[in-house]
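Structure first, commentary second.
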Amino acid sequence: MLRKILIANRGEIAVRVARACAEMGIRSVAIHSEADRHALHVKKADEAHSIGEDPVAGYLNIHRIVNLAAETGCDAIHPGYGFLSENADFAAACRARGLCFIGPSAEVIRRMGDKTAARQAMQAAGIPVTPGSDGNLDGLEHARAVAAELGYPVMLKATSGGGGRGIRRCEDPGDLARNFERVISEASKAFGSAEVFLEKCIVDPRHIEVQILADRHGNSIHLFERDCSIQRRNQKLIEIAPSPQLDDAQRAYIGELAVRAAQAVDYENAGTVEFLLDGAGNFYFMEMNTRIQVEHTITESITGVDIVEEQIRIAAGLPLRYAQHEVGRRGFALQFRINAEDPKNGFLPSFGRITRYYAPGGPGVRTDAAIYTGYKVPPYYDSMLAKVIVWALTWEDAIARSRRALNDMAVFGIKTTIPYYQRILESADFRAGAFTTSFVEAHPELVNYSDKRRPEELATVLAAAIAAHTGH
Ligand code: ADP
Ligand code: ADP
Ligand code: MG
């Protein structure tokens, strides 16, 4: 078993990995920028080391992180999500230094991180992929020809894209021409690659993804699906497991498809195969994420499997502890991404000091957060501050419990997505369990909530002010 792990990340996922290490008797090492000196992940790990003045550069500095891991006596690195998690050079640098990278091989990361290479690998394995260009596009003329063949609308996508960026829907040839240079420049800046490709736009699809686990002894299993259709600008907001929109036959089909996809590329460790489901019931492979996913939590809730612990065991060379038929599922789980954003103002990021924070608890409620009262949210990072994960036996109970949990939660001092989610939970379409990726756009009325503080919130603020004043 591994003895000491460097966590090459920050925020709630770094805290999540430190918790898994603590439970497994493994020492953890946090890294932090100067801006993150007071971050929660620094406090939760056994050791913490500064990786420099720049808020972001250190978290992306392969050489420095690998050296630090070796110098502090670590035998492995967990990359979390974002940052270097899908960087094949990082995985290779770990291996070259004799460190275990907690994820798949550099080769698999490289292949699946390239969306056109991944599509080709899946097609070769007989997995249905979204219709699109055979590879990357040579130029605007090529794009026009492919789009004419596919039929509009089409999606122009960055080959190395991620996090919902570098994707543009094009309604007609004029739109395609306008977006072409834009996506290329966006992709070069954000992902260091100017390659783009085209997909047919699946109109009003559901985003259905499957969690898989695979060890190096030839065992691969799935842990059922997640429905991530509630998105804004191609970024997930609320995730649900299992999807209330699939029947058992569809569930079995998509699970098997994902396992086949993983086996086709000799996948090892935890991964996610993302699909789009169209109105006619067809599933199309979209991409594979070769890392822990933000929403792994809801799969943990319905299956009882600790996915981060499994990642660590697999990386240590241990065989999977479950065969497919031993993985059960129970109830429904929802995850709410608590972002420091103002939904009323186009989801504009909101930063500053959190004057009061209270995490919801109670039966079936889990909060994975990177904040505390008095914490100053720095402006340099992802706006996701916390995740509220709710489990209950039925869909209706899970909604009722979600409303209770979000009502319980208090994050004062900054704007968050909490009041918006409270409105979504009241929406008839959402409660009926029928929604597509157009849900947010189709329901502009849901941002029309009153921003005034509820009386009980005002009371807590007043009580805090009085306590501060009287010194109690
Ligand atoms: P998930 O796929 O787990 O739902 P997200 O798409 O929300 O995750 O991304 C999680 C984090 O990783 C975000 O901070 C996002 O910006 C970042 N990220 C994801 N893919 C990439 C990528 N290819 N390049 C850079 N950052 C990425
Ligand atoms: P990322 O790597 O940024 O996560 P994805 O390829 O997974 O990018 O796409 C992100 C989201 O964009 C999807 O969940 C979906 O809502 C939308 N999307 C992507 N491709 C298509 C498509 N061909 N048709 C319709 N929607 C799409
Ligand atoms: Mg995706």
Pairs with Cβ under 7 Å, 6+ apart, first in the stretch 196-218 and over 27 Å from residue 441 (Cβ atoms) and open to solvent by 20 Å² or more (accessible area, probe 1.4 Å), second more than 8 Å from ligand 2 (Cβ to nearest atom) and assigned to a loop (DSSP other than H, G, I, E, B): 216/268; 216/317; 217/319
Could you grab me the full set of residues in the stretch 134-158 that are touching a Leu at 6+ places or on another chain (Cβ under 9 Å) and within 16 Å of ligand 3 (Cβ to nearest atom)? 155, 156, 157
Might you let me know whether the stretch 290-299 holds any residue that is open to solvent by less than 10 Å² (accessible area, probe 1.4 Å), in a strand (DSSP E or B), farther than 17 Å from residue 24 by Cα and at pLDDT 95 or above? no
For residue 253, indicate whether it is among the hydroxyl-bearing types (Ser, Thr, Tyr), surrounded by 22 or more Cβ atoms within 10 Å (Cβ to Cβ) and more than 13 Å from ligand 3 (Cβ to nearest atom). no
Out of the residues in the stretch 220-245 meeting the condition of being touching a residue at least 60 places away in the same chain (Cβ under 8 Å) and not in a strand (DSSP E or B), tell me which one is farthest from ligand 3 (Cβ to nearest atom). 244
Could you list all residues from the stretch 399-436 that are part of a loop (DSSP other than H, G, I, E, B), open to solvent by less than 40 Å² (accessible area, probe 1.4 Å) and closer than 28 Å to residue 276 by Cβ? 417, 427, 433, 435, 436
Kindly establish whether residue 295 is in contact with a Cys (Cβ under 8 Å, 6 or more places away or on another chain), of a type outside the set (S, T, N, Q) and touching a residue at least 12 places away in the same chain (Cβ under 8 Å). yes
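Is it fair to say residue 16 is farther than 28 Å from residue 338 by Cβ, charged (D, E, K, R), part of a helix (DSSP H, G or I) and at pLDDT 95 or above? First the steps, then the outcome.
Numbers: farther than 28 Å from residue 338 by Cβ: no; charged (D, E, K, R): yes; part of a helix (DSSP H, G or I): yes; at pLDDT 95 or above: yes.
For residue 16, the condition - farther than 28 Å from residue 338 by Cβ, charged (D, E, K, R), part of a helix (DSSP H, G or I) and at pLDDT 95 or above - is not met.
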For the stretch 158-171, which positions are touching a residue at least 24 places away in the same chain (Cβ under 8 Å), assigned to a strand (DSSP E or B) and open to solvent by 10 Å² or more (accessible area, probe 1.4 Å)? 167, 169
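Going by what's in this entry, would residue 280 be described as surrounded by fewer than 23 Cβ atoms within 10 Å (Cβ to Cβ) and of a type outside the set (D, E, K, R)?
yes
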Residue under evaluation residue 191, criteria (1) open to solvent by 50 Å² or more (accessible area, probe 1.4 Å); (2) of a type in the set (A, V, I, L, M, F, W, C); (3) more than 16 Å from ligand 3 (Cβ to nearest atom), criterion not met: (3)
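The values are calculated or read from the model by the stated rules, or taken from the named source; none is laboratory data. A quick note: this is a predicted structure, and the numbers were derived from the prediction, not measured. Quick reminder, even Gly has a Cβ in these numbers, built from the backbone with ideal geometry, and neighbours come from all protein chains shown. The protein model used for the area step is the full one, side chains on, heavy atoms only, and it has no ligands, DNA or RNA in it. Shrake-Rupley method; radii C 1.70, N 1.55, O 1.52, S 1.80 Å.
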